[in-house]
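Encoded as structure tokens, the structure appears first; notes follow it.
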Amino acid sequence: MRIGHKFISIFRLICHQLKWRHWVLIALLLLILFIKSSVYWSLEYTFRFYPYIGWMLSHISGIFPFAIGDLFIALSISWVILYPVYQICIKKELIKKGWLRQDAILLKKRMVFCHVAEYLLWVYAWFYLAWGLNYSQPIIFMRMRMMPAKVSKQTLRDFANRYVDSINYLSESISYKDLKKRTQDEVLHGYNQLSLRMGINSPFNQHPRVKTMVFTPLSSMAGVTGSMGPFFCEFTLNGDILPHDYPATYAHEFAHFLGVANEGEANFYSYIVCTASADKQVRFSGYYHIFFHVLNNVFDILGEKEGERFLRHIRPEIIQLAKSDRRYWLSKRCKALDAAQDFIFELYLRGNHVAEGRKSYSGVIGLILAWEEKKNTQGKDEQGRK
């Protein structure tokens, strides 16, 4: 009984000290946990509530010509580090030297770290309510009612042959004139053509403003070519990105903008939209974007001999382009920063229930084969009904 009374007394004391903002924060955290634990409400968030949230935040962030999300993250990290240092170390010295009034409030260490913890919890809540709950939606196979592909050697061989024919044809006489404007128009048109049956939202902002990363040199050093800014629903592209990579990377980040969280799924939608474009350069970028994914699958599944044969059928200009791309990005990479970024991003993905971590980027070939298999099955069913 005494333990029970003591617990009740402590609980009442804590409740008495909590302010209204703390109750709001607790309510938001409980709401996030509830949505993350429910398939139904995860879908409701992605397809019913997120389009309104994304529309509002993207119009607000679109007012600014720079990526406000990048600045928010940088300032938040700075505050989390500098605030405790100031409150615990610097403020006391300033009072001693007479630079601050003697009656200036000195916070206890526990209170300082409570302030930091509360701020981080608000950021956590903002992240998930603004965009992060899209990680909780069912995987694409459920959303599209599509079965995972049974990848046989012949299936992959046929796909690889079609892929080589397409990328070889599209690599001839490419024009980069007005590429950014053409890309934005073509990608927006492509996503407008996709229905909810494809498991993705239609564009809720018909004039989204793509931003250049504020910290482009650091992003290049870490090997990041694009990112989705969840706090203000803005997507950014690396300022160092090469022209032939621009359309597919833009389409990839646009998929994130529409609520697709999984990296492999974003690659899949980028491929679908770009390769269906009427613009030859956009189509080439869509095929080229998965070049190394195709190559890895061919060597892994079909073996080294067929892999070498596959390479011989690709135009030398494309092979040279892939090699020069690799040299270009390696010249900008910083191994220490690259390793740190990989580690942090791996934790980030797994923390959001992406079980494959960074490997989720590489699932695009399986998704494309499953999608093609679904289309073929639907085509046969329609012919049978006729």
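Every number in this text was worked out from the coordinates using simple rules, so none of it is lab data. Model, not experiment: these values are computed from the prediction. No Cβ is skipped: glycine too gets one built from the backbone with ideal geometry, and neighbour counts run over all protein chains shown.
Key figures for this structure:
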{"quantity": "Size of electric dipole in region 140-385: Cβ of Lys, Arg +1 and of Asp, Glu -1, about Cα centre, debye, nearest 20", "calculated": "160 debye"}
{"quantity": "Relative exposure of Glu373, Glu304, Glu118, judged by other C-beta atoms within 10 Å (fewest first)", "calculated": "Glu304, Glu118, Glu373"}
{"quantity": "Descending Cα extents along the principal axes, region 140-385, whole Å", "calculated": "54, 42, 40"}
{"quantity": "Table column - 3J(HN,Hα) (Hz), region 274-286, Karplus curve with 6.51, -1.76, 1.60, x for Gly and Pro", "calculated": "5, 6, 8, 6, 7, 8, 4, 5, 5, 5, 4, 4, x"}
{"quantity": "Alpha-carbon centroids, region 248-323 and region 146-192: separation in whole Å", "calculated": "7 Å"}
{"quantity": "Burial ordering of Tyr176, Tyr128, Tyr269, fewest other beta-carbon atoms within 10 Å first", "calculated": "Tyr176, Tyr128, Tyr269"}
{"quantity": "Built amide H within the under 5 Å cut-off of Phe235, gap 5+", "calculated": "Lys211, Gly229"}
{"quantity": "Paramagnetic reach from Glu317 in region 268-291 [backbone N under 14 Å; point 7 Å along Cα→Cβ]", "calculated": "280-281, 284-285"}
{"quantity": "Size of electric dipole in region 186-318: Cβ of Lys, Arg +1 and of Asp, Glu -1, about Cα centre, debye, nearest 20", "calculated": "280 debye"}
{"quantity": "Net +/- balance of residues flanking Leu28 in space, Cβ distance below 13 Å, scoring K and R +1, D and E -1", "calculated": "+1"}
{"quantity": "In Hz, Karplus ³J(HN,Hα) per residue of region 18-25 (6.51, -1.76, 1.60; θ = phi - 60°; x = Gly, Pro)", "calculated": "6, 9, 4, 5, 5, 5, 4, 4"}
